[in-house]
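The values are calculated or read from the model by the stated rules, or taken from the named source; none is laboratory data. These numbers were taken from a predicted model, which means no experiment stands behind them. Virtual Cβ from ideal backbone geometry, glycine too; neighbours counted across all protein chains shown. Side chains are part of the model used for accessible areas, which takes the heavy atoms of the whole protein and leaves out ligands, DNA and RNA. Shrake-Rupley method; radii C 1.70, N 1.55, O 1.52, S 1.80 Å.
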Amino acid sequence: FGTNKHGYELYCVLTEYDLVSLPLSYLLLDTRGVQEEGKRGARLTAWFTALRDAGLCPNVVHTDKDFAAASIAFKRDNLAYNHHLCLWHSLRAIDQHIRGKVRATGFDSIDNSRSSIRLTALPQYLHFLSDESDWILSKGQTRLCTAEQAGILRAMIKRHLLRHPLLPKVVNDDADAPQALMYETYEEIHVSSIREMLDFCRSINQPKIFRYFWSNWYRPVFRNVGSRWEIASLCGRADSSGTIPISRTTMRLESHWRILKKDYASRFVKPRLDVLSYIIFTGLVRSRIHLHLQVEAGREKPSVYKDFVRVWRMCAEAVDHHTILKRDELYHADKDQWLCSCPSFILNSRYLCKHLVSFYSSPHPDGNGKFLVQPPPSFTPELFQERLPLIRFRDSDLIGPATVSSGIHLSDRVDDDDGTRSLTYAEELASLELLPSEHPEAAEENDEESMELLRILHWATGEQCESNPRMQRDICRFISNQVTFIARFKRPYEEAMGTARQHPSIL
């Protein structure tokens, strides 16, 4: 929104190739003069259908809630298809609803809930809900949740949405130590999540809140309406539990829009459609293709890998004897499958924790209680996997100097939100623990190869060039397309220097 002066909405389909986000298609849409129900969804579906007919057949699609119906166009003739809602958008919508930040749309769906919790509508493992129908359909409290209750609910559903049959069951510090990693099936994850939510909503006497969660986030397939749990949770479809999507959010796309507005279109206030299209295809798209070529040639590393290195080093600094003791006796971390049952493992989008990193550590030779930790593995496009092991590398990929642990503390507990006040936008982003490559407000990193050339050019065109005509001609001779260069940068230069031409006003 707000990208052009004509009020058109701008949409984009991004894909990840070699861990680099690349735009595949853009859509400019204006439905203000169309009088029909579902006008936006029908046109988005037609767009996705055209992409599918052109050969786009994704296995995993992430959208916010507004695109849930339209993205079903990719499902036809694609048995591996999984559609997931953006985790951040989901948590944001939940927080706004339970805290009353936005006006509720529609109505309290008692009739819909009554129909969907009948025995005939429920799978067998959820039959217990029909026994709770009297309370679920009751009025209960009419006031909103308190800030503390809302914080508990938000943290609870975050844990629920991140569970997956391939990931071990989380073990808390105060729990009894299990004998090995414990796993849950798709049905066990679903039913235990619903039971926990039901028990908490009952404890605060909020059946209306449970009906909201049931209808929008936990409900399985009902009549001709698809499952809400399948698209909201990391589990996806019951028959696709053998894979875990690498991404969890659409923050890459949010960052894509930020780069467009702040880095490429910052000199324009809502440009015309032709100017916007020129900026996108000559600036933004070319920069993404250039980055992919740099990664493919081994001259650059994708931001996802830089996040991985940053978290690895942070975990390496936290390794100590206590970490290794918990790794072996409480969490039973599995180096070969790259799994750990600590709470921080499931929350980290790169599936890293200090217990797994500690497998690549050894006591410091000085006997000072610190550990030497091997550096992170070198980058390969196959480093992050959708199947076990979630991170694939060989010990020979660990190259470089070892890191000395410094004894910093990384908590193994997942604390609920503070809940004493409403979270700001920045705090909501921070609560999701986004890595820099996923953060929509993170600045794009400089292209070091281009920066080196620009530094040399800055020196060459300095004071020594002003009084040296031969050097001036030599430098200009290296600019192959001088006309395009002047057309691109002359006006911004004049505006920056205050020498832009002022057009006389017409009286």
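Of note:
- Within the stretch 126-146, the set of residues being open to solvent by less than 70 Å² (accessible area, probe 1.4 Å) and either touching a Cys at 6+ places or on another chain (Cβ under 7 Å) or farther than 25 Å from Q96 by Cβ (or both) comprises L126, H127, F128, L129, S130, E132, S133, W135.
- Being within 20 Å of E9 (Cα to Cα), touching a helix residue (DSSP H, G or I) at 6+ places or on another chain (Cβ under 8 Å) and without any contact (Cβ under 8 Å) to a residue 12 or more places away in the chain is not true of F281.
- Among the candidates V34, V61, residue that is assigned to a strand (DSSP E or B) and among the hydrophobic types (A, V, I, L, M, F, W, C): V61
- Helices (runs of 4 or more DSSP H) fully within the stretch 295-401 that include at least 1 residues being open to solvent by 20 Å² or more (accessible area, probe 1.4 Å) and not charged (D, E, K, R): 303-317, 321-326, 343-347.
- Residue within the stretch 270-290 that is charged (D, E, K, R), open to solvent by less than 50 Å² (accessible area, probe 1.4 Å) and in a helix (DSSP H, G or I) present: yes
- Test: residue in the stretch 99-112 that is assigned to a helix (DSSP H, G or I), buried (at least 16 other Cβ atoms within 10 Å of the Cβ) and of a type in the set (D, E, K, R): no
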